[in-house]
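S.K.: Pasting a structure below so you can have a look.
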């Protein structure tokens, strides 16, 4: 009791503050540590955290003489943890046993979660405002206890999985908005339960919010005596005005979606009452939404499409700057890391005109003594700034990989995070040519689709695979949490994953968005065009669609690559070039009507398949290959240098130099003869040639990715 009532026991002061003028009080700490280890006193998390106790875990374990605790320590050392995480896993468990006054056999998942939250509160008191203090500890403890079978089999594998709430029931979706009228509450629960059968969880959650929070909760606030769905025009008018602004006073953009959901709610009750009058007829009432409410809906949707088109029109010219930034940053970090890894401690080397010194901190040397890997650090000689180049290179790589994958594939952000090693397929033609394919798992449209990978996209995917497998082990199997449907996926080799402390984790969509925001903030320092501008993952998808259709690809093929069920959706994505869409789509329909008989979906004949394969052979030209769509002739009269569909083979860079020399000679002759039209044409050709050469040189600077060559197994291994 005296300990609990003392300032030291309450965590108000530290142990080194206890003492007189003749002593600093440091001798108190060993005594406090001994009392904790012998369980003489049971401290609070705040009191324990305020006094750092060196070697507490080792001394506590020795004092307990608990075989189960010794087994836990052995299990920690057997795990694939870094030394710092092994130390934390042992110390954090010893702290839990101390502050809760229990033995290891009594530790449950609930006890560990309680300990984690109490520690976060204590750390926030000791370090207010610090991001580190708000982090949850005990994740390594959870992993080890789960793997050694200490927790029940039904326990989630990770602490993160235990903390994330799954899907709410229909009752919970409705009750979170605290409706007063219990009869209407029951109606909404019945209505959403029936709608649950034909919709996904994310849509159901959104519908519950619109009907419960935005509709009936506001109706109760406007008219507390409202008991039925028969809404007076005056009440409806007040409600309609209320939803025009959000709770923070900003204008609400999605007003139409709320009104449409309300209108569908009333009409569904009318329809269902005809089949089940005993259940729904009592709630049938005139729909309060007047027909005039939806007038101009098409115009408003066109305004939304126009805003999206303006957004794409603004960002498309800035995409090269963003791509160059992430490539330059990654190349710089990668090359600096390579040089640093080759340098000895204390050695000075030069990179891009700056001098760096390879250093190791005292903490690094301690890790080395324990046989643990240490991060690569360098110090700028001029400024003295220490750079954790390993961490910087890791961040630069994933920013580059995310941007390149988004812009070369046009996938949605959820589809990017769901890419796995199993998403990579290949198709081998009869002549031996292999075409790489990227399989996109069912997402928004619940349909799987296949994207032929360009050389750039394949390089990015191969780089990600090589990064995961560089230690000789396969890509870790990780479960991904879907924040929309609130479910966990089965363990799969996801491509966009990285190690987070003791646990590998898949990138969340929010992490990718934060990455893009950080890139734009960095660019804004030197490019005023990026000030106040953000790129979202969907911006890359819209730009990808625009470039596809603008390059001559029929819009129905673009829709298939993007995963759109309706061509009109694709048309909205590429509204920047509206006249090109109409022209290409009409040309496609006209051509299809001419050449396609009624039995166009019959089985492919051998001759047709040969023509399909020959098409790819005819696309091979002197400088590389042509990317024109299948079944279409050359639209540029074989003026390949000017054609946007030409993909230059890096081996032909020397030929481009020869062509440039010849064009410059022709340009001088044309200028001497005053052939102004010829001068204009040659200058245009030179512009295209130099742009293609720069693009090809940029691609050749990417390091080659060696995925290894599989060896044939011996017969006895089969």
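The values are calculated or read from the model by the stated rules, or taken from the named source; none is laboratory data. Just so it is clear, the structure is predicted and the values come from calculations on it, not from any experiment. Backbone-built Cβ (ideal geometry, glycine too); neighbour counts: all protein chains shown.
S.K.: With the structure loaded, tell me whether residue 297 is under 15 Å from residue 228 (Cα atoms), modelled with pLDDT under 95 and touching a helix residue (DSSP H, G or I) at 6+ places or on another chain (Cβ under 7 Å) or whether it fails that test.
M.R.: no
S.K.: Another question, then. Which one of these does residue 143 not meet: (1) assigned to a helix (DSSP H, G or I); (2) closer than 30 Å to residue 206 by Cβ; (3) within 27 Å of the chain's Cα centre (by Cα)?
M.R.: So residue 143 meets the others, but not (2).
Table: residues versus (1) touching a residue at least 40 places away in the same chain (Cβ under 8 Å); (2) under 34 Å from the mean Cα position of the chain (by Cα); (3) not in a helix (DSSP H, G or I); (4) not assigned by TED's automatic domain parsing to the domain that holds residue 401.
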residue	(1), (2), (3), (4)
282	no, no, no, yes
300	yes, yes, no, yes
303	no, yes, no, yes
314	yes, yes, no, yes
333	yes, yes, no, no
349	no, no, yes, no
356	no, yes, yes, no
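S.K.: Going through the stretch 479-503 one residue at a time, which ones are within 15 Å of the chain's Cα centre (by Cα) and either within 19 Å of residue 415 (Cα to Cα) or at pLDDT 90 or above (or both)?
M.R.: Once the filter is applied, which keeps residues that are within 15 Å of the chain's Cα centre (by Cα) and either within 19 Å of residue 415 (Cα to Cα) or at pLDDT 90 or above (or both), the stretch 479-503 yields 479, 480, 481, 482, 483, 484, 494, 495, 496, 497, 498.
S.K.: Could you please give the count of residues in the stretch 182-211 that are touching a helix residue (DSSP H, G or I) at 6+ places or on another chain (Cβ under 8 Å) and assigned to a loop (DSSP other than H, G, I, E, B)?
M.R.: The number of residues fulfilling the criteria is 1.
S.K.: Quick check on the stretch 354-377: of everything there that is closer than 28 Å to residue 78 by Cβ and in contact with a helix residue (DSSP H, G or I) (Cβ under 6 Å, 6 or more places away or on another chain), which residue is surrounded by the fewest Cβ atoms within 10 Å (Cβ to Cβ)?
M.R.: 370
S.K.: Of these, 404, 414, which one is closer than 27 Å to residue 546 by Cβ, out of contact with any helix residue (DSSP H, G or I) (no Cβ under 6 Å at 6 or more places or on another chain) and at pLDDT 85 or above?
M.R.: The match here is 414.
S.K.: Here is a follow-up. Test each condition in (1) in contact with a strand residue (DSSP E or B) (Cβ under 9 Å, 6 or more places away or on another chain); (2) not assigned by TED's automatic domain parsing to the domain that holds residue 529 for residue 376 and report the one that comes out false.
M.R.: (2)
S.K.: Would you check if residue 519 is modelled with pLDDT of 90 or more, within 30 Å of residue 143 (Cβ to Cβ), buried (at least 16 other Cβ atoms within 10 Å of the Cβ) and within 17 Å of the chain's Cα centre (by Cα)?
M.R.: Spelling it out, it is not the case that residue 519 is modelled with pLDDT of 90 or more, within 30 Å of residue 143 (Cβ to Cβ), buried (at least 16 other Cβ atoms within 10 Å of the Cβ) and within 17 Å of the chain's Cα centre (by Cα).
S.K.: Any idea which residue in the stretch 158-172 is modelled with the highest pLDDT, counting only those that are out of contact with any strand residue (DSSP E or B) (no Cβ under 9 Å at 6 or more places or on another chain) and within 20 Å of residue 480 (Cα to Cα)? If you could, list the steps in order and put the result at the bottom.
M.R.: At the first step, the residues of the stretch 158-172 found to be out of contact with any strand residue (DSSP E or B) (no Cβ under 9 Å at 6 or more places or on another chain) are 162-163, 165, 168-172.
Among the residues that remain, those that are also within 20 Å of residue 480 (Cα to Cα) are: 162-163, 165, 168.
Details: 162: 87, 163: 86, 165: 83, 168: 91.
Checking each candidate, the answer is 168.
S.K.: Checking the structure you have, find out if any residue of the stretch 512-527 is at positive phi and out of contact with any helix residue (DSSP H, G or I) (no Cβ under 6 Å at 6 or more places or on another chain).
M.R.: The answer is no; no qualifying residue exists.
S.K.: Is it fair to say residue 230 is at negative phi, assigned to a helix (DSSP H, G or I) and modelled with pLDDT under 95?
M.R.: It is false that residue 230 is at negative phi, assigned to a helix (DSSP H, G or I) and modelled with pLDDT under 95.
S.K.: Let me ask another. Can you tell me which of (1) part of a helix (DSSP H, G or I); (2) loosely packed, with under 14 Cβ neighbours inside 10 Å is the one residue 345 doesn't meet?
M.R.: Residue 345 satisfies all of (1) part of a helix (DSSP H, G or I); (2) loosely packed, with under 14 Cβ neighbours inside 10 Å except (1).
S.K.: Among 243, 222, 231, which is within 20 Å of residue 290 (Cα to Cα) and touching a residue at least 40 places away in the same chain (Cβ under 8 Å)?
M.R.: 231
S.K.: With 681, 654 as the choices, which residue is loosely packed, with under 10 Cβ neighbours inside 10 Å, modelled with pLDDT of 85 or more and assigned to a helix (DSSP H, G or I)? It would help to see each step written out before you state the result.
M.R.: On the way: 681 fails: loosely packed, with under 10 Cβ neighbours inside 10 Å.
The unique qualifying residue is 654.
S.K.: Answer yes or no as to whether residue 467 is surrounded by 16 or more Cβ atoms within 10 Å (Cβ to Cβ) and in a helix (DSSP H, G or I).
M.R.: In short, yes.
S.K.: Among the residues of the stretch 662-678, which ones are touching a helix residue (DSSP H, G or I) at 6+ places or on another chain (Cβ under 9 Å) and surrounded by fewer than 10 Cβ atoms within 10 Å (Cβ to Cβ)? Can you show your working first?
M.R.: Step one: filter the stretch 662-678 for residues touching a helix residue (DSSP H, G or I) at 6+ places or on another chain (Cβ under 9 Å), giving 663-664, 666-667, 669-671, 675-678.
Across the stretch 662-678, the qualifying residue is only 677.
S.K.: Which of the residues that make up the stretch 358-402 are without any contact (Cβ under 8 Å) to a residue 60 or more places away in the chain, outside any helix (DSSP H, G or I) and within 30 Å of residue 416 (Cβ to Cβ)?
M.R.: 375, 376, 387, 388
S.K.: Right, next: May I ask you to verify whether residue 91 is touching a residue at least 60 places away in the same chain (Cβ under 8 Å) and assigned by TED's automatic domain parsing to the domain that holds residue 135?
M.R.: Criteria not met by residue 91.
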